[in-house]
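J.: Next up is a structure, given as structure tokens.
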Amino acid sequence: MATSKSTEYWEWSCPNTNCGTLRFKTDSLCSYLNLNWVTSTSKLKIPSDQSGFFSTLPDRAFFVAHRRLRPSLHFAYLQFVASFLSLFVREFVQAIVMSLSYLPATTESLAQALEAKDPSEAISILYRVLDNPSSSPEALRIKEQAITNLSDLLRQENRAEDLRSLLTQLRPFFSLIPKAKTAKIVRGIIDSVAKIPGTSDLQIALCKEMVQWTRAEKRTFLRQRVEARLAALLMESKEYSEALTLLTGLVKEVRRLDDKLLLVDIDLLESKLHFSLRNLPKAKAALTAARTAANAIYVPPAQQGAIDLQSGILHAEEKDYKTAYSYFFEAFESFNALEDPKAVYSLKYMLLCKIMVSQADDVAGIISSKAGLQYVGPDLDAMKAVADAYSKRSLRLFETALRDYKAQLEEDPIVHRHLSSLYDTLLEQNLCRLIEPFSRVEIAHIAELIELPTDHVERKLSQMILDKKFAGTLDQGAGCLVIFDDPKTDAIYPATLETISNIGKVVDSLYVRSAKIMA
């Protein structure tokens, strides 16, 4: 089928038949078929997805022959009419099906979804409510509630892909409601996806899609928050360079807009990112910026708890465990009041600080307190086992605790880092206590006393000798450790240095006096 355009007529010719060209009067045919002319391809394009495709029918259509009619022209005309009727029937049936597929956006429809026997039926009903084309204020309000109910049901059914598709499907709806409500719905659906386990990659892909959409729609407020969420997800996936690049540009933009609340989130996230990269100076600087911004506004308790938690982590990294304990306690109180799952981590780090300052006996009392009993579980049991091992100075119990509670101790990077230091300290103290009575002792005997593998003990003894924890040497041929007496320092050398220092001060004083006399 080939077509061409003239000034007043649309022309249609059939190359398969030796006929003339059919011309249709422009106003009647365009009204009849809702045709669009595409100049670049020189073809007629019939849109198949327009709701008003056959809404009105013209009174008549004008068909004019380009040249004298031939018999085959009648066949071409019938072929065109048959094609047109086929399109009409298909679109008409589709319109009827669509009109029957949606439900009215009313409270009765929402109640029908709540009374559904199974979640699948309720989800189907809510989808049909969202398909309703009505855009009245009441219908929009009902649809917003339907979206909330639908996202909750999909989360309960662990249908993360459906949540992603829902967010794409709702984009035309977002143009009908205020931007603030759009931001609330988008963030709510992303939060629903985050509550489904094993969806980290899907969340990253979803956030990237929403960032592109918000840029195209020029929704700056929503884009900045989605980008902050994306940076947090990238950090959790250990894609630190991409997260840092994203945060660097976002911080500059948010500071220019002076959005204090979002700036607190971004600075706190930047502090966590630099801490993960072991860049403590920048982590402290970002945390200070977050505290400065937080002091200028009202900060929600959850956010304040996150700031206190990060402060405690940084102070613990600097071995200031008493200050870290106070920050962890503040964070625990904030999270405990909100019944936030992060409360157990704050309590866990509080117990860690008690162990690190040699107050392991206080651990049992904190766990048995009213607040501690609410969070009894593997995390607190792990810290109690470590505290018992430390109190008894038993490396065997310490290693048993690390093995039995691997998920709670070794897989937590903060706890693992400090317990590794604690283990080394405990091992050194036990070795020094065991070798103190000897001048020469077999390494196997020390390993038997301390209940650790011989190669492990030998490696640690060599490290202690190099660190000058004690004076000695390893006789590997005999498998023995030779301990030397501590060399006695001669007191004459410090006294001589002190005398020379005092003489230097006297000479300097005499020089100053002579200079004044000569002047």
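Every read-out reported here was derived from the displayed coordinates using simple, explicitly stated rules and does not represent laboratory data. Quick caveat, the model's predicted, so the values are computed rather than measured. Backbone-built Cβ (ideal geometry, glycine too); neighbour counts: all protein chains shown.
J.: If you plug each phi of segment 297-312 into the Karplus form 6.51 cos²θ - 1.76 cosθ + 1.60 with θ = phi - 60°, what whole-Hz ³J(HN,Hα) values come out, in order, with x for Gly and Pro?
T.: Here the 3J(HN,Hα) series is 9, 7, 10, x, x, 5, 5, 5, x, 5, 5, 5, 5, 5, 4, x Hz.
J.: Assuming 0.36 nm per residue, please report the length gained on full extension of the stretch Asp467 to Leu257 beyond their Cα-Cα distance. Please report the intermediate quantities before stating the final value.
T.: On the way: separation 210, 0.36 × 210 = 75.60 nm, distance 5.30 nm.
Additional length available on full extension: 70.3 nm.
J.: What length, rounded to one decimal in nm, is gained on full extension from Ala478 through to Ile414, with 0.36 nm per residue of separation minus their alpha-carbon distance?
T.: Values: separation 64, 0.36 × 64 = 23.04 nm, distance 4.09 nm.
That works out to 19.0 nm of additional length.
J.: With a Förster radius of 51 Å, plug the Cβ-Cβ distance of Lys184 and Ala371 into 1/(1 + (r/R0)^6) and report the FRET value to the nearest 0.05.
T.: Working: r = 33 Å, r/R0 = 0.65.
With R0 = 51 Å, the Cβ-Cβ based efficiency is 0.95.
J.: A further question on this structure: Quick one: Karplus J couplings for segment 470-485, per residue in order, coefficients 6.51, -1.76, 1.60, θ = phi - 60°, nearest Hz, x for Gly and Pro?
T.: Running phi through 6.51 cos²θ - 1.76 cosθ + 1.60 with θ = phi - 60° gives 7, 8, x, 8, 9, 9, 6, x, 8, x, 10, 10, 9, 9, 8, 5 Hz.
J.: Say R0 is 41 Å: what FRET efficiency, to the nearest 0.05, do Cys432 and Tyr240 get from their beta-carbon distance? Before the final figure, lay out the partial values.
T.: Values: r = 40 Å, r/R0 = 0.97.
Efficiency at R0 = 41 Å is approximately 0.55.
J.: Can you give the relative contact order of segment 456-505 as a percent, counting alpha carbon pairs under 8 Å and 6+ residues apart? Kindly include the intermediate steps, with their values, before the conclusion.
T.: Details: 24 pairs, mean separation 9.8, N = 50.
20 percent.
J.: Continuing with this model, one more query. Once amide H atoms are built 1.01 Å from N in the peptide plane, which residues 5 or more positions from Gly472, or in another chain, come under 5 Å H to H?
T.: Under 5 Å from the amide H of Gly472 lie the amide H atoms of Phe484, each far enough along the sequence or on another chain.
J.: Let me ask something else. Whose amide H sits under 5 Å from the amide H of Glu442, counting only residues 5 or more places off or on another chain, with H placed in the peptide plane?
T.: Under 5 Å from the amide H of Glu442: Leu481.
J.: Tell me which lysines have Cα within less than 25 Å of Lys392's Cα, excluding those fewer than 8 residues away on the same chain?
T.: List returned: Lys319, Lys322, Lys348, Lys354, Lys384, Lys406, Lys460, Lys469.
J.: In whole percent, what relative contact order does segment 341-466 give with Cα contacts below 8 Å and a gap of six or more residues?
T.: On the way: 84 pairs, mean separation 22.4, N = 126.
Value for segment 341-466: 18 percent.
J.: Further, regarding this structure: Per-residue HN-Hα couplings for segment 198-215, Karplus 6.51 cos²θ - 1.76 cosθ + 1.60 at θ = phi - 60°, whole Hz, x for Gly and Pro?
T.: So the J values, rounded to whole Hz, are x, 10, 4, 5, 5, 5, 5, 4, 5, 5, 5, 4, 5, 5, 5, 5, 5, 5.
J.: Explain nothing, just the number: relative contact order of segment 393-491, from Cα pairs under 8 Å at least 6 residues apart, as a whole percent.
T.: 23 percent
J.: What's the extension gain from Lys208 to Glu115 if we count 0.36 nm per residue and subtract their Cα-Cα distance?
T.: Numbers: separation 93, 0.36 × 93 = 33.48 nm, distance 3.64 nm.
Residue separation times 0.36 nm, minus the Cα-Cα distance, leaves 29.8 nm.
J.: Can you give the FRET efficiency to the nearest 0.05 for Glu161 and Thr400, using r as the Cβ-Cβ distance and R₀ = 45 Å?
T.: Values: r = 44 Å, r/R0 = 0.97.
So the FRET efficiency works out to roughly 0.55.
J.: Between the DSSP loop rule and a limit of at most 14 other Cβ atoms within 10 Å, which trypsin sites (Lys or Arg not before Pro) in segment 372-457 are left?
T.: Numbers: sites: Lys384, Lys392, Arg393, Arg396, Arg403, Lys406, Arg417, Arg433, Arg440; in loops: Lys392, Arg393.
Qualifying residues, ordered by number: Lys392, Arg393.
J.: Write down Rg/Rh for segment 140-246, rounded to two decimals, with Rg from the C-alpha atoms and Rh from the Kirkwood relation over Cα pairs.
T.: Details: Rg = 13.6 Å, Rh = 14.1 Å.
Using Cα coordinates only, the ratio equals 0.96.
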